[in-house]
Amino acid sequence: MVEKMMRTLVIIGSQWGDEGKGKITDYYADQVKYVVRFQGGNNAGHTIVVDGERFAFHLIPSGVVRGKTVIIGNGVVVDPAVLLEEIRQLDERGIKVNLKISSKAHVIMPYHVAQDGLQDAMKGKYAAGTTKRGIGPAYSDKAARDGIRMMDLIQPKILKEKLEFIIPIKQKMLEIYQSDQVLDSGGIIKQYTAYGKALEPYIDDIEYLLNDAITRGSKVLFEGAQGALLGIDHGLYPHGTSSNCCGQAASTGTGVPMNKIDYVMGVVKAYTSRVGSGPVPTELTGKTGEKIREQGNEYGTTTGRPRRVGWLDLVALKYTTMINGFDGFALTLLDVLEGIDPIKICTAYKHGNDIIDRWIADTNFLKDCDPVYKDMKGWSPRSPQEWNEIANKGFDSLPGPMKEYINVIEEFIGVPIVLVSIGPNRNDTVIRKDIFNL
Ligand code: IMP
């Protein structure tokens, strides 16, 4: 039998984002040449801890701390001010930034940021509770073909021509939203021309770069942002984000075709967390929820908002597994559930008199679904050092109830859990299967 040559790995959040993708990406980044972002923008927040030092990224792929070439694909919306600040901060910490940005990536403009907050505030119960980073309006303009792309930023004449007709329209829009903000057309043109100059060395035709690299046998990691339940097509519309957060977006968001994608990994956290609005069937609003929030430090990396938390929802997980075709899972933050007994897992929903085993992406339906739980035995608390020692010893030394928890998840979704994470550090990780040597 011919062994499959693994060249490309896509890492996707399989729930509502914040599953600990940063750490998983960082782990696999060591084994690849390129790490690529392909959707979302600085609404994302990926935290990784290296030798006790904490890094939080919003735009730059987290592989940067491994010294890898990092790429921002055409599917990403880029706020140049945020990107330049991240580059500056990395530089200050002595980390060399090998970055390429797709010339086709769209730019988040100041009027997008203004519009985001105003628009969401007017939507009442239909609001997404956005991160107010301008993500939705930037993607709207992209679809309406009114966007500014990276290639425009580096062509001052074209940038000026476009902004001179776009900005007056945006000014009118702000007035409709009853904002008295005045857009300084000349100032914006000047500022964004300067951003273009600063970013020019990084701008490239990344579809050629990546396809050539993969053909030559280089390994590439595609780093998803947000989570599958937030995706614009298959997530909980309108409470999600404005990009597709599924594995398929790695292809459209970079120009690497589907048949060059070898492995799609879902990252699932041992419980559920959610920032923003909309129903979460397994949400915990009492003391257990508070305990999980505190133990898991469940506060947004981007906005600092306390995250809503709940039990693991296997109905939702089975749905995102189907949509993404996950080949394997990384199960994260298991240590956070220490000292909680019993632990519940949702295996179905009750809707009226019906038992439902499907996740229906309809707010009105989902809000009337009550979870059906399976009770699982919990495990006792350990110190960070003890968790680390357990990780070093391997899978067999995990607490018995934790292994049972892992088995139940694996059996229910029918996909192997190839990595288990029991702490924030790189080495608090148990590898069950080496996916680059399938
Ligand atoms: P937006 O992406 O800022 O438009 O926000 C839309 C929804 O997605 C809101 O409910 C946000 O809280 C949520 N969201 C956006 N980015 C992330 C993320 O990286 N993690 C978790 N939730 C996110």
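Bear in mind that the values in this text are calculations on the coordinates, not laboratory data. Every value quoted in this text rests on a predicted model; they were computed, and no experiment measured them. Glycine also receives a Cβ, built like all others from the backbone with ideal geometry; neighbour counts cover every protein chain displayed.
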Excluding near-sequence neighbours (fewer than 8 apart on one chain), region 299-438 holds lysine pairs with C-alpha atoms under 16 Å apart numbering 11
Under 19 Å between alpha carbons, and skipping anything fewer than 8 positions from Lys190 in its own chain: which lysines qualify?
Lys157, Lys160, Lys162, Lys170
Listed peptides 403-411, 97-105, 335-343 by packing density, highest first (mean Cβ within 10 Å):
97-105, 335-343, 403-411
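Fewest Cβ neighbours within 10 Å first, please rank Phe329, Phe55, Phe38, Phe165 accordingly. Provide the component values of the computation, followed by the final result.
Numbers: Phe329 25, Phe55 20, Phe38 31, Phe165 9.
By the 10 Å Cβ count, ascending: Phe165, Phe55, Phe329, Phe38.
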Once Ser179 and Arg305 are pulled to full extension, the length gained, defined as 0.36 nm per residue separation minus their Cα-Cα distance, is 42.9 nm
0 to 90° range, to nearest 10: angle between helix 206-215 axis and the chain longest Cα axis:
40 degrees
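Specify, per residue and in Å³, the volume enclosed by the convex hull of the alpha carbon atoms belonging to region 15-79. Spell out each step's value before the answer.
Numbers: hull volume 5.7 nm³, N = 65.
Considering the Cα atoms of region 15-79, their hull volume per residue is 88 Å³.
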Efficiency of FRET from Cβ geometry, Asn98 and Met5, R₀ 25 Å, rounded to 0.05:
0.50
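Only counting other Cβ atoms within 10 Å, I'd like Met122, Met109 sorted with the fewest neighbours first. Write out the running numbers ahead of the final one.
On the way: Met122 12, Met109 26.
Fewest-to-most Cβ neighbours within 10 Å comes out as Met122, Met109.
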Would you mind counting up the charge near Glu85? Only other residues with Cβ under 11 Å from its Cβ, with Lys and Arg at +1 and Asp and Glu at -1.
-3
Report, by chain and number, residues whose modeled amide H sits under 5 Å from the one on Ile71, excluding near sequence neighbours (fewer than 5 apart, same chain).
Val35, Val36, Arg37, Lys100
J(HN,Hα) series, region 114-120, from Karplus relation 6.51 cos²θ - 1.76 cosθ + 1.60, nearest Hz, glycine and proline x:
4, 5, 4, x, 5, 5, 5
Using 7 Å Cα-to-Cβ label points, what is the His351/Ala194 separation (nm, one decimal)?
5.3 nm
For the chain, modelled as a GNM with alpha-carbon contacts under 10 angstrom, which of Gly187, Gly117, Gly423 fluctuates the most?
Gly187
Take the Cα gyration tensor of the chain, multiply each eigenvalue by 5, square-root it, and list the three semi-axes largest first, rounded to whole angstrom.
36, 27, 19
Whole Å is fine, so just give me how far the alpha carbon centre of region 241-258 lies from that of region 405-438.
24 Å
Over the Cα atoms of region 106-202, what Rg and Dmax result, in angstrom?
13.8, 44
Hey, what did region 102-191 get for relative contact order, percent, Cα under 8 Å, at least 6 apart?
30 percent
So, over other residues within a Cβ distance under 15 Å of Ile356, counting Lys, Arg +1 and Asp, Glu -1, the net charge is -2
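Compute the signed sum of charges (Lys and Arg +1, Asp and Glu -1) over the other residues within less than 12 Å, Cβ to Cβ, of Leu230. Before the final figure, lay out each step's value.
Details: positive: Arg274; negative: Asp18, Glu19, Asp233.
Cβ neighbours under 12 Å give a net charge of -2.
Listing Glu294, Glu86 from the residue with the fewest other Cβ atoms within 10 Å to the one with the most, what is the order?
Numbers: Glu294 13, Glu86 20.
Lowest count first: Glu294, Glu86.
Kirkwood hydrodynamic radius, region 243-313, all distinct C-alpha pairs: what's the number in Å? If you can, show how the numbers build up before the last one.
Values: mean 1/r = 0.0697 Å⁻¹.
By the Kirkwood definition, the hydrodynamic radius is 14.3 Å.
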Got a sec? Charge dipole of region 337-438, +1 on Cβ for Lys and Arg, -1 for Asp and Glu; which of Trp359, Gly378, Ile390 is way out at the positive end?
Ile390
